[in-house]
Amino acid sequence: MIAYRRSEPGDLSHIRSLWRERWGDDLIVAHGEVYRPDGLPGFIALDGEEWVGLIIYTFLGASCEIVSLDSLREAQGIGAHLIQSVVMEARQAGCSRVFLITTNDNLEALGFYQKRGFELVKVNRGAINRSREIKPGISLIGMHGIPIRDEIELEMSLEPRTA
Ligand SMILES: CC(C)(COP(=O)(O)OP(=O)(O)OC[C@H]1O[C@@H](n2cnc3c(N)ncnc32)[C@H](O)[C@@H]1OP(=O)(O)O)[C@@H](O)C(=O)NCCC(=O)NCCS
């Protein structure tokens, strides 16, 4: 049985080591911004004491950005549950949208988010080449052997749709 809770200040070192393991460093670069987990809110998925998922997000004006999402046990609904938790937070905070940046090679994430109500809104060509200047460890070749070059922004609008 998976349980979910908000992250707490005492989780910081665990979050940093999970980011290092999954993202190669304890910082994440997106749209030219450097994100460190310090002070950012998040939700953790737990199987007993074991961490099986983590989502970290932040608020930028009326937008809520998902900074990182990791499921350590795929295809059990953990990713979807973590996203839902953040979408609920964003709605309660009065945000107009939830957005995230992924990379052009991450075909699974592109499919996963689109199936859950996110739409592609922007391609920032060559953005990862610029991110490498800040975080040189970003691989040149990513998933499926695809060169990692571009940032892709996806968003879920929280505005009521007009007919
Ligand atoms: C993308 C990612 C977060 C998805 O997490 P996840 O926990 O596997 O997500 P879910 O389990 O909610 O959904 C994944 C699939 O499993 C299916 N699934 C969910 N519960 C299931 C169950 N009990 N049995 C079988 N399949 C199930 C879902 O239907 C979904 O399939 P679909 O996308 O074809 O509809 C995960 O693959 C991951 O951590 N990737 C690496 C990091 C990454 O790329 N993060 C996002 C970049 S910002």
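Does region 152-163 contain any residue that is within 24 Å of Gly77 (Cα to Cα) and touching a Gly at 6+ places or on another chain (Cβ under 7 Å)?
For region 152-163, residues within 24 Å of Gly77 (Cα to Cα) and touching a Gly at 6+ places or on another chain (Cβ under 7 Å): present.
With (1) outside any strand (DSSP E or B); (2) within 16 Å of the ligand (Cβ to nearest atom) as the list, and Arg91 as the residue in question, which single condition is left unmet?
(2)
Quick test of your reading of the structure: Gly117 fulfils all but one of (1) closer than 18 Å to Ser68 by Cα; (2) free of Cβ contacts under 8 Å to residues at least 60 places away in the same chain; (3) away from the ligand (no atom under 13 Å from the Cβ). Name the failing condition by number.
Here Gly117 clears every test but (3).
Name the pairs whose Cβ atoms lie under 7 Å apart, with the first residue in region 29-45 and of a type in the set (Gly, Ala, Ser), the second in a loop (DSSP other than H, G, I, E, B) and crowded, with 16+ Cβ neighbours inside 10 Å, and 6 or more positions between them or separate chains?
From residues that are of a type in the set (Gly, Ala, Ser), the pairs are Gly42/Ser7.
Sort out which residues of region 70-94 are more than 20 Å from Gly48 (Cα to Cα) and either touching a Lys or Arg at 6+ places or on another chain (Cβ under 9 Å) or not basic (Lys, Arg) (or both), and write them in order of number.
Passing the criteria: Ile83, Gln84, Val86, Val87, Met88, Glu89, Ala90, Gln92, Ala93, Gly94.
Limited to region 49-58, what total is found for residues that are more than 13 Å from the chain's Cα centre (by Cα) and either assigned to a strand (DSSP E or B) or polar (S, T, N, Q) (or both)?
Total meeting the criteria: 3.
Can you list residue pairs whose Cβ atoms sit under 7 Å apart, with the first residue in region 92-108 being under 18 Å from Leu158 (Cβ atoms) and charged (D, E, K, R) and the second being more than 8 Å from the ligand (Cβ to nearest atom) and at pLDDT 95 or above? Count only pairs 6 or more apart in sequence or on different chains.
Qualifying pairs under 7 Å: Arg97/Ser63; Arg97/Glu155; Arg97/Met156; Arg97/Ser157; Arg97/Leu158.
Can you tell me which of Ile66, Ile101, Ile56 is touching a His at 6+ places or on another chain (Cβ under 9 Å) and either within 23 Å of Ile141 (Cβ to Cβ) or of a type outside the set (D, E, K, R) (or both)?
Residue meeting the stated conditions: Ile101.
Can you name the residue in region 93-110 that is under 14 Å from the mean Cα position of the chain (by Cα) and not aliphatic (A, V, I, L, M) and is also nearest to Ile83 (Cα to Cα) among such residues?
Out of the qualifying residues, it is Phe99.
Of the residues in region 59-84, how many are within 12 Å of the ligand (Cβ to nearest atom) and not in a loop (DSSP other than H, G, I, E, B)?
14
Can you give me the number of residues within region 1-27 that are touching a residue at least 60 places away in the same chain (Cβ under 8 Å) and in a strand (DSSP E or B)?
Qualifying residue count for the region: 1.
Mind counting the residues in region 94-140 that are assigned to a loop (DSSP other than H, G, I, E, B), at pLDDT below 95 and basic (Lys, Arg)?
The total comes to 1.
Output the qualifying pairs, or none if there are none: Cβ atoms under 6 angstrom, residues six or more apart or on different chains, first residue in region 73-89 and within 17 Å of Phe59 (Cβ to Cβ), second residue within 12 Å of the ligand (Cβ to nearest atom) and among the hydroxyl-bearing types (Ser, Thr, Tyr).
Filtered contacts from region 73-89: Val86/Tyr57.
The values are calculated or read from the model by the stated rules, or taken from the named source; none is laboratory data. Everything numeric in this text was worked out from a predicted model, so none of it was measured. Backbone-built Cβ (ideal geometry, glycine too); neighbour counts: all protein chains shown.
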